[in-house]
Structure formats: C-alpha cells, structure tokens
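The values are calculated or read from the model by the stated rules, or taken from the named source; none is laboratory data. Bear in mind that the values here come from a model prediction, so they are computed numbers and not experimental data. Here the Cβ positions follow ideal geometry from the backbone for every residue, glycine too, while neighbour counts run over all protein chains shown. Surface areas here come from the heavy atoms of the whole protein model, side chains and all, with no ligands, DNA or RNA. Shrake-Rupley method; radii C 1.70, N 1.55, O 1.52, S 1.80 Å.
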Amino acid sequence: MRLQPFFDDHRPTATGTPVRVFPAVAATPRLPEPGRWTNPILTLFVTMVVSVGLPWIPWLPVFTGLVVMALGVTLSVLCTISYLSWPDSREEASVEGAWVARQSGYRADVHGAQLRWMDEQGSVKTGHIIRGPEGWDLVLTDPAHVATAATLRAAFQQSRPAVGDDELLRDLSVYDRAFGVEITENTTLDGEVA
C-alpha cells in the first residue's frame, strides 16, 4: 500500500483519440477522491483551530468544541482512508482492465503501474485507466487509429455536391432485370394467365 501525495487532485487523462473505451471496468471507492479539501492533515489542523476557538464565544456551550473536535477527527480518519484506498483501487482497476481487454481480444498487461497493450505486430500501444461517471474506465489508444480517424473526419467534413431530383429517380425495370424477373402482359403473380 502506498500513500498518494498530499494535495494531488490530478486525474489521469488519455492522449489522442480513443480506439476502444470499456466503461466501468472496476468500481471507484465510495469516499471522495483525494484532493485539497480532503487532505487529512489539513482537515485535522482546521478542526483543531475551530474547536479551540469555539469555547471563546460566550453564548456557545463549552462542550461545542469537544463535539467539533470529535467530528473533525472522524472526518480526518475518513480522509486518510480515502488517501489509502484510491491508489489501491486504481491499481486493481489496471489489473481488471487488462483482464477485460484480454477477453475482448486485445493483448494487454500491467507493467508496473502502467497498463499497456500490443497489436498483432507486437507494437506497444497505450492504455489508460480513467475515472468515469460510474467507475474506472479503460481507454486503449493507437496512433495509427488516431491518424486514420483524423483522415476520415476530414473527408467527412468536406462539402459534397448536392444531388438533384433527377438523379434520385430510377426506372423500376432496372430492378426487374437485376433480379431476373420477366413480366409480360399476360402473366400474373401466381402464374395464371389473365
């Protein structure tokens, strides 16, 4: 288990255009994500200052400071659990993401704290575990797919000439010839002569 550095509210982000996104490969902890306002040392320090200052207000009961101190210690313990559980959760999500990628046909594995995947030629590509709306998301990226997507996007955004009404109309006998149907004046659909 390792501690995430204090005041670290940076979320990992994927670079490039995603090739494949697997949403919610693992659950995130129920406690808030570590950030500036959930720093356990800062929370405990603010709680101590407030609880020592409250008894000096004459119209408040003396035990108010003790109640605030108890709530602050509880909050600091929860913040500490949050700082310990989020990095572990991300590492577990990397392992789960590699398993999901393998089940989907990608050659992915966890290398240290990094998730990587390889294509058929053995080229190492990038994989990211990103916090999504419902849990950790697995995003696999490939520079070749990024270039192809950029080309297709540029081609799609090109203006196309307008098609006239005459080009949309076609004689129905074209379809008869295409399907090998021969209709004469005396033939009906059930083969009887009219």
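Just checking, how many residues over the stretch 109-131 are modelled with pLDDT under 85 and either of a type in the set (Gly, Ala, Ser) or within 16 Å of Val21 (Cβ to Cβ) (or both)?
Residues in the stretch 109-131 being modelled with pLDDT under 85 and either of a type in the set (Gly, Ala, Ser) or within 16 Å of Val21 (Cβ to Cβ) (or both): 10 in total.
State all residues of the stretch 162-178 that are modelled with pLDDT under 70 and either open to solvent by 80 Å² or more (accessible area, probe 1.4 Å) or within 30 Å of Trp117 (Cα to Cα) (or both); if no residue qualifies, say none.
Taking the stretch 162-178 first, the residues modelled with pLDDT under 70 are 162-168.
Matches in the stretch 162-178: Ala162, Val163, Asp165, Asp166, Glu167, Leu168.
Got at least one residue in the stretch 112-133 being assigned to a helix (DSSP H, G or I) and open to solvent by 60 Å² or more (accessible area, probe 1.4 Å)?
As a first pass, look at the stretch 112-133 and keep what is assigned to a helix (DSSP H, G or I): none.
So far as the stretch 112-133 goes, no, none of its residues is assigned to a helix (DSSP H, G or I) and open to solvent by 60 Å² or more (accessible area, probe 1.4 Å).
Mind checking which residues of the stretch 22-50 are open to solvent by 20 Å² or more (accessible area, probe 1.4 Å) and under 23 Å from Gly65 (Cβ atoms)?
Trp37, Ile41, Leu42, Leu44, Phe45, Val46, Met48, Val49, Val50 - these are the residues of the stretch 22-50 that are open to solvent by 20 Å² or more (accessible area, probe 1.4 Å) and under 23 Å from Gly65 (Cβ atoms).
Any idea which residue in the stretch 54-64 is least open to solvent (accessible area, probe 1.4 Å), counting only those that are assigned to a helix (DSSP H, G or I) and modelled with pLDDT under 85?
It comes out as Leu54.
What pairs come out if I take residues in the stretch 66-80 that are farther than 14 Å from Ile41 by Cα and pair them with residues that are open to solvent by 60 Å² or more (accessible area, probe 1.4 Å) whose C-beta lies under 6 Å away, six or more apart or interchain?
From the stretch 66-80, the pairs are Val68/Val50.
Picking from Ser104, Ser85, Ser89, Ser94, which residue would you name as being modelled with pLDDT of 75 or more, surrounded by fewer than 13 Cβ atoms within 10 Å (Cβ to Cβ) and of a type in the set (Ser, Thr, Tyr)?
Ser104 is the lone residue from the list that is modelled with pLDDT of 75 or more, surrounded by fewer than 13 Cβ atoms within 10 Å (Cβ to Cβ) and of a type in the set (Ser, Thr, Tyr).
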